[in-house]
Amino acid sequence: MSFDWSVVWQHRDALIAGTATTILLTVATMAIAVPCGIIVAILRLYGWAPMRALATAYVEFFRNLPLILVVFWAFYVPPILTGLGLSPLATGLAALALNVTAYNAETFRAGINSIRRGQVEAAMVLGMNRVQALRRVVVPQAVRRILPVLASTWVSLFKDTSLVSVIAVTELAYVSMQIRAQSFRVLEMLTAMAAIYWLLGYPQAKLVDWIQRRFAITE
Amino acid sequence: MNADTSPLRPMAAGAKIIRYRGVIKRYGGFQALGGVDLDVHAGEVVCLIGPSGSGKSTLLRCTNGLEAIDGGDIEFEGAMLPRDERALRAVRTRMGMVFQSFELFPHLTALENVAEGPRTVLRNDLVEANRRATAMLAKVGLADKASSYPSALSGGQQQRVAIARALAMEPDVMLFDEPTSALDPETIGEVLSVMKKLADEGMTMVVVTHEMTFARRVGDWVAVFDTGRIVEQGPPTQIFDAPTTERTRDFLSHLGWTG
Amino acid sequence: MDFDFAVITDHWRFLASGVGITLLLSVVSGLTSLVAGLVVALLRLYGPRPLRVAVVLYIDSMRAIPVLVVLVWSFFALPILTGLTMPPFVAALVGLTVHLAAYAAEIVRAGVESVRPGQTRAALALGMSRAQIVRRIILPQAIVRMLPAFGSLLSITIKDTAIASVIAVPELMRQSETLAGQSFQPIEVYTFAMLVYFFILFPVTRGVDIFYQRVAHLGRS
């Protein structure tokens with residue numbers, strides 16, 4: 001058994017490009033999923049009944065589906081239904097965003113709900129209206145609870161970008177597996193793929209730990 | 001006057017169950033106990049009173065080895081308190097401890113809680129352990145709550161189950177760490193009644209408490225703590241009616257104690 | 001636009017076998033990762049220092065590496081190292097267990113550490129040994145506290161089995177891909193798959209919630 005690790009170095013440009021795409025997908029998805037998640041959470045908490053039902057249905061639906069299936073569905077179905085074809089990258093981004101928005105909506109909703117009623121009442125008896133109470137009392141506290149969960153979701157998202165490789169988006173996983181197929185250096189490429197994810201993901205995981213410690217709730 | 005031979009200490013004729021000699025306990029740079037001397041005789045109810053943080057609870061936790069002392073000696077029934085965990089376990093079976101936060105095991109019913117010690121530690125069989133447990137629950141007046149979980153019991157009821165749990169081990173001494181501090185006023189009485197009953201039956205008890213009326217009426221000997229030392233000890237009549245130190249007078253007046 | 005769901009009914013056995021594999025893989029890897037996670041957690045909590053460091057490294061690594069990567073590595077790369085070839089199902093089982101056990105271990109650790117220290121003190125005061133305390137007092141309470149997180153992990157497990165399609169495990173996702181490709185009816189097939197997954201996952205999460213509500217008091221000390 002001989003291993004040729006130079007194949008990793010030879011294809012470093014492709015791997016770097018793939019890594020960049022992975023990072024891009026992660027950032028772009030979060031950039032969409034945070035504001036959208038806030039909107040959906042607000043609809044669930046404060047909207048009229050039909051809006052609430054719709055928002056809840058959306059959240060429950062996407063939290064109970066495998067992401068890989070959503071990716072496939074997003075790739076094959078809309079082009080047939082609407083005649084529009086999005087690039088694999090855009091499709092992957094859309095699928096990821098739909099998925100993460102649902103999780104974020106639940107995070108924001110739970111974060112806001114976890115603030116005791118008494119806090120809002122205390123704000124109101126001081127004379128604040130609902131909006132002020134939300135802005136100055138509830139949201140600052142909710143942010144402390146939400147941030148650690150959001151950080152955790154971020155790391156999960158980073159890993160989930162690997163799933164869009166199944167529709168040939170040229171992120172790290174796809175690129176690695178292509179090189180493997182072309183060079184037949186299976187162990188080397190797959191190990192390199194794991195190692196690159198590890199190098200990027202490990203610090204992120206430790207950062208999440210730090211955030212969770214820093215924002216730990218002491219009541 | 002030597003505390004041991006004071007004529008006001010009727011129980012002093014009995015065997016010394018616990019002897020504390022120069023007990024020192026440090027937490028890092030902070031000295032929680034700075035040389036405590038105290039005797040506990042058979043059948044005596046010794047009450048430890050004093051401001052929060054004065055070392056009363058610390059002394060109790062050192063007594064059954066939950067904390068290790070840094071200096072001095074603790075003797076239990078004539079032998080030094082061991083440092084070895086196994087030997088310490090054997091000693092603990094002869095001491096019962098009741099906590100401020102009850103610490104009932106939430107996944108067990110009241111009966112199971114009380115039977116847990118006999119079953120797991122004394123290795124009684126189930127029938128014997130349950131028999132003991134039933135008897136102890138009846139003793140604290142909660143025979144009808146045997147199959148209730150702690151979450152269904154009031155604070156006072158939980159604490160009484162905790163007392164039954166300690167009694168089921170048939171200890172030689174009962175250690176109470178602020179047993180009523182976490183209770184609603186309505187339920188304090190039921191717990192103190194149980195403790196008085198135990199005292200009347202001759203149980204040796206060391207009680208850390210803020211309930212001055214209890215210490216006055218049920219205690220045989222009272223030790224006043226302040227910053228890790230005993231500033232005064234004597235019979236309740238002395239401590240509460242005619243304290244001999246400034247510190248004791250201060251402490252009692254801060255509590256609004258008017259006798 | 002008309003939809004022809006006959007493709008589903010015509011091939012229901014094909015799809016049903018996929019569902020069967022999904023459920024089988026979920027249950028088995030759920031169990032193996034639970035057991036492995038418990039062992040890992042106990043090592044982390046009570047093991048000797050070098051072992052603890054290794055365990056923490058393993059757990060944090062699984063937080064960094066995607067399931068897809070672990071599965072693909074288990075199926076394609078592991079046989080090269082060990083000389084053993086594994087059928088896809090076994091490789092998926094190995095990969096999923098290795099990945100999920102890390103999360104299970106963290107859940108166990110969090111559960112155990114969330115039990116009040118006073119409980120340990122009370123048990124010590126009765127004269128119990130450390131081993132007895134962990135077994136009879138800590139773990140029973142901790143297990144109740146872990147239930148919501150484990151329910152969530154079960155949900156994740158079921159979703160992760162779909163990724164095993166990438167290494168040709170004939171679970172529902174894979175069967176759907178095959179059928180959609182052959183029949184040129186991706187809408188019907190994938191929509192059907194979505195419904196199946198939803199109606200498996202939704203009751204699981206709800207069921208765990210309901211069960212937890214009923215037993216939560218057993219873990220509250």
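Annotations
- Antiparallel bridges, percent of DSSP beta bridges restricted to the stretch B:160-259 (to nearest 5): 50 percent
- The residues of chain A present an accessible area of 50 Å² per residue when probed at 1.4 Å with all protein chains retained.
- Within the shell of other residues whose beta carbon sits under 15 angstrom from the beta carbon of A:Ala14, the net charge comes to 0, with Lys and Arg scored +1 and Asp and Glu -1.
- Choice from B:Gln158, B:Gln31, B:Gln233 with maximal GNM fluctuation in chain B (Cα, 10 Å cutoff): B:Gln31
- The contact residues of the stretch A:178-202, meaning those that lose at least 10 Å² of 1.4 Å-probe accessible area when all protein chains sit together rather than their chain alone, are A:Arg180, A:Val186, A:Leu187, A:Leu190, A:Thr191, A:Met193, A:Ala194, A:Tyr197, A:Trp198, A:Gly201, A:Tyr202.
- Burial of accessible area (probe 1.4 Å, heavy atoms of protein chains only) in the stretch C:48-70, relative to its chain alone, reaches at least 40 Å² for C:Asp60, C:Arg63, C:Ala64, C:Ile65, C:Pro66, C:Leu68, C:Val69.
- Solvent-accessible area per residue for the stretch C:6-219 (1.4 angstrom probe, square angstrom): 42 Å²
- Chain C packed on chain B takes about 2100 Å² of accessible surface away from a 1.4 Å probe, both sides summed.
- Whole-Hz ³J(HN,Hα) from phi, Karplus 6.51 cos²θ - 1.76 cosθ + 1.60, for the stretch B:51-68, glycine and proline x: x, 4, x, 8, x, 4, 5, 4, 4, 4, 5, 6, 5, 9, x, 5, 10, 9
- The GNM of chain A, with springs linking C-alpha atoms under 10 angstrom apart, assigns the highest mean-square fluctuation among A:Arg144, A:Arg185, A:Arg116 to A:Arg116.
- Taking every C-alpha pair closer than 8 Å and separated by at least 6 residues, the mean separation divided by the residue count of the stretch B:128-230 gives a relative contact order of 25 percent.
- Spatially close lysines, pair count over the protein assembly as shown: Cα under 26 Å, gap of eight or more or interchain: 14
- If you run the Gaussian network model on chain A, springs between alpha carbon atoms under 10 Å, then out of A:Met189, A:Met128, A:Met51 the most flexible one is A:Met128.
- In the stretch B:111-209, the GluC sites (Glu not before Pro) that fall in loop regions by DSSP, at most 15 other Cβ within 10 Å: B:Glu201
- Here the simple spin-label model places points 7 Å from the Cα toward Cβ, and for B:Asp125 and C:Val215 these points are separated by 3.0 nm.
- Entry comment: accessible area of chain B is 41 Å² per residue, from protein heavy atoms only and a probe of 1.4 Å.
- Accessible area that becomes buried as C packs against A, both chains, 1.4 Å probe, Å², nearest 100: 3600 Å²
- Three-way shape call for chain A based on the alpha-carbon gyration tensor, with the a/c threshold at 1.5: oblate
- Other residues within the sphere of radius under 12 Å centred on the Cβ of B:Arg86, judged by their own Cβ, net out at +2 (K and R +1, D and E -1).
- The mean number of Cβ atoms from other chains found within 10 Å of a Cβ in peptide C:12-20 is 0, as a whole number.
- Accessible-area order (highest first, 1.4 angstrom probe) of the listed residues B:Asp70, B:Asp144, B:Asp226: B:Asp144, B:Asp70, B:Asp226
- By DSSP, the beta bridges lying fully in the protein assembly as shown are antiparallel in about 55 percent of cases.
- Sorting C:Leu31, A:Leu126, C:Leu93 by solvent-accessible area of protein heavy atoms yields A:Leu126, C:Leu31, C:Leu93, largest first, with a 1.4 Å probe.
- Cβ-placed point charges (K, R +1; D, E -1), dipole of the protein assembly as shown about Cα centre in debye, nearest 20: 380 debye
- Interface burial in the stretch C:203-221, defined as at least 30 Å² less accessible area with all protein chains than with the chain alone at a 1.4 Å probe, covers C:His217, C:Leu218.
- Surface share of carbon and sulfur [accessible, 1.4 angstrom probe, percent] for the protein assembly as shown: 62 percent
- Whether the stretch C:6-219 is rounded, prolate or oblate, judged on the alpha carbon gyration tensor where a/c under 1.5 counts as rounded: oblate
- Close amide H contacts of B:Arg229 (hydrogens built in the peptide plane, cut-off under 5 Å, sequence separation of 5 or more or a different chain): B:Gly34.
- Peptide-level mean, for C:170-181, of C-beta atoms on other protein chains within 10 Å: 2
The values are calculated or read from the model by the stated rules, or taken from the named source; none is laboratory data. The structure presented is a predicted model; accordingly, all values stated were derived computationally and were not measured. Quick reminder, even Gly has a Cβ in these numbers, built from the backbone with ideal geometry, and neighbours come from all protein chains shown. With ligands, DNA and RNA removed, areas are computed over all heavy atoms of the protein, side chains included. Shrake-Rupley method; radii C 1.70, N 1.55, O 1.52, S 1.80 Å.
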